[in-house]
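All remarks here apply to the structure that follows.
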Amino acid sequence: MVGKRGGVLELAVLGLLHESPMHGYELRKRLNTLLGMFRAFSYGTLYPCLKQLLAQGLITEDEDEQPTGALQSKRAKIVYKLTAEGKEHLQKLLTEAGPAAWEDEGFGVHFAFFAQTRADVRLRILEGRRSRLEERLEQVRTALTRTRERVDSYTLELQNHGLESVEREVRWLNELIGREHAKAADEVGRQRQDDRQDDNDNDAPQGTSPS
């Protein structure tokens, strides 16, 4: 069973390889950009993850074709590609909208692949993340009230900074959730308009054949 950290890395690797096949070095750079925004990423965890995905048949590795001549003696680079089973498994991971997708580690990676995620799943993740942060806000505010008179000014500034960061993310989530609801309403409206147009076309009198 893959742990929470391994699950985040697995989703990130499969999601990036779904965009395009990559050499290990390129994949490491992309992962560092993606995961580095949300948590520390250790390169030492990548290759065990790739080995596991290979064993499960979710990815394959091919040797990159080398040009003839002097460069031919260089070691061939390995290109990692997603298999059909890997694509299916990725879609399954992208439908998961439970607490693991709301936490600090999981949310950022799930959000990075929202373009490949169903609208209803996106909304559940966003609302779950907002609910979790609202709980955190209440805890931080309670802690501030209790400790305000007992901490020095620098500690108080740090606590206020943390509070403002969480409040800012909640506002951002509210905006995203509002846009998701508006987008869903627009899609429903267009579908109803298309259905009415189809009904009108079906009810229109048919032309008569010339005698």
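Just so it is clear, none of the values below were taken in a lab; they were calculated from the coordinates. Being a predicted model, the structure only gives us computed values, none of them experimental. We place every Cβ from the backbone using ideal geometry, glycine too, and count neighbours over all the protein chains shown.
For the listed peptides 117-130, 163-176, a ranking on the average number of other beta carbons within 10 Å per residue, highest first, reads 117-130, 163-176.
Stretched out straight at 0.36 nm per residue, the stretch from Glu135 to Gln56 would grow longer than its current Cα-Cα span by 24.6 nm. Exceedance of the 20 Å cut-off in Cα-Cα distance is limited, within the set Lys87/Lys183; Lys51/Lys87; Lys92/Lys183; Lys51/Lys81, to Lys87/Lys183; Lys92/Lys183.
Suppose each label sits 7 Å from its Cα in the direction of the beta carbon; what would the Thr33-Asp152 distance come out to in nanometres? Label at Thr33, label at Asp152, 4.2 nm between them.
Applied to segment 115-129, the Karplus parametrisation 6.51 cos²θ - 1.76 cosθ + 1.60 on θ = phi - 60° returns per-residue 3J(HN,Hα) values of 5, 9, 10, 4, 4, 5, 5, 4, 5, 5, 5, 4, 5, x, 4 Hz, with x for Gly and Pro.
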